[in-house]
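Okay, structure first, notes after.
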Amino acid sequence: MLFLFQQDRLLVRGDGSLPMGRPEQYGVLAPQFLGTLAGRSAFAAAVSGDAPPSLTWRRLRSAYGTLPDAQFALAGYAYQVVEWDRTHRFCGACATPTEAHPTERAKRCPECGLTSYPRLAPAVIVLVRRERELLLARSPHFPPGMYSAVAGFVELGETLEECVQREVREEVGLEISTLRYFGSQPWPFPHSLMIGFTAEYAGGDVRVDGVEIEDAAWFSPDALPTVPPDISIARALIDASLGSS
């Protein structure tokens with residue numbers, strides 16, 4: 001089972017399934033072994049050039065719903081491994097070419113000994129409720145008309161709970177209470193772990209920061225804007241909230 005990438009594009013067959021065979025068939029000399037899935041070995045690598053006959057490039061996000069869930073989850077992991085391999089070929093301290101660690105998923109500098117592991121950036125996402133209404137916000141980077149829950153990256157020295165409160169305060173000017181953990185989701189665009197929460201409105205008027213958020217508003221369950229697709233924990237938060245309304 002092969003997860004071959006050009007940037008964020010995954011090589012797939014015409015029916016959307018993954019190519020099989022050995023990495024060498026595609027000019028890959030040093031693939032990353034991912035483990036096994038359903039008894040098949042899985043490898044990841046970056047490749048160049050045009051897609052071979054009967055194969056095509058597809059954006060990783062668009063493979064959701066086409067690949068089985070287990071394969072799509074592994075594809076996200078594969079993409080992060082490939083990107084980490086690409087961006088850690090040289091030591092960040094002394095610029096010496098790195099070597100693969102013999103027993104771990106890591107790169108080690110043979111000169112200064114610096115060891116680099118795949119990067120993971122924790123981020124929080126929170127759906128705020130005011131009775132039946134949901135607070136949804138719009139980033140300028142979203143597709144036209146789409147709104148989502150408030151989210152942001154955890155900063156140094158911060159707890160997850162402090163990060164949620166800070167992000168809501170900074171991005172939409174509100175205070176929250178009754179913070180509850182919802183769930184988490186690996187998010188390989190490019191290397192995040194999304195940690196979801198729900199919260200209740202505790203005060204303030206919606207006041208967007210104009211940088212991270214260009215618009216935010218309270219929406220009733222029967223008048224929602226366009227929301228994120230099923231692939232995201234943001235959609236899971238919204239759907240769960242609607243189910244409990």
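Annotation: amide H of HIS101 within the under-5 Å range of ALA106, LYS107, ARG108, sequence separation 5 or more or interchain, hydrogens built in the peptide plane. Going through (1) 18.0, 57; (2) 19.3, 60; (3) 20.9, 61, the figure that equals Rg and Dmax of the Cα atoms in Å as computed for the structure here is (3).
Residues in region 177-245 average 51 Å² of solvent-accessible surface per residue, probe 1.4 Å, ligands and nucleic acids excluded.
The HN-Hα couplings worked out from phi for region 159-166 by the Karplus form 6.51 cos²θ - 1.76 cosθ + 1.60 (θ = phi - 60°) are 7, 4, 5, 5, 5, 4, 4, 5 Hz, whole numbers, x standing for Gly and Pro. Overall shape: rounded for region 142-236, with the ratio a/c of the largest to smallest alpha carbon gyration tensor axis below 1.5. Using Cβ point charges alone (K and R +1, D and E -1), the dipole size of region 97-230 about the Cα centre works out to roughly 400 debye. Computed from phi, the 3J(HN,Hα) profile of region 208-218 under the Karplus parametrisation 6.51, -1.76, 1.60 (θ = phi - 60°) reads 6, 7, x, 10, 6, 10, 9, 7, 7, 7, 8 Hz, with x in place of Gly and Pro. Relative to one another, the C-alpha centroids of region 33-69 and region 175-245 are positioned 30 Å apart. Between the listed residues PRO190, HIS88, VAL150, the Cα displaced farthest toward the positive end of the dipole of the chain, a dipole computed from Cβ unit charges relative to the Cα centre, is found at HIS88. Averaged per residue, region 38-146 has 57 square angstrom of accessible surface, using a 1.4 angstrom probe with ligands and nucleic acids left out. Shown for the chain: the carbon plus sulfur share of the solvent-accessible area, taken with all protein chains present and a 1.4 angstrom probe, equals 51%. Rounded to the nearest 20 debye, the dipole size of the chain about its Cα centre is 940 debye, using +1 on the Cβ of Lys and Arg and -1 on the Cβ of Asp and Glu.
The values are calculated or read from the model by the stated rules, or taken from the named source; none is laboratory data. Just so we're clear, the structure is a prediction, and the values are computed from it rather than from any experiment. Neighbour counts are summed over all protein chains in view; Cβ atoms, including those assigned to glycine, are modelled from backbone coordinates with ideal geometry. Heads up: the accessible areas ignore ligands, DNA and RNA and are worked out on the full protein's heavy atoms, side chains in. Shrake-Rupley method; radii C 1.70, N 1.55, O 1.52, S 1.80 Å.
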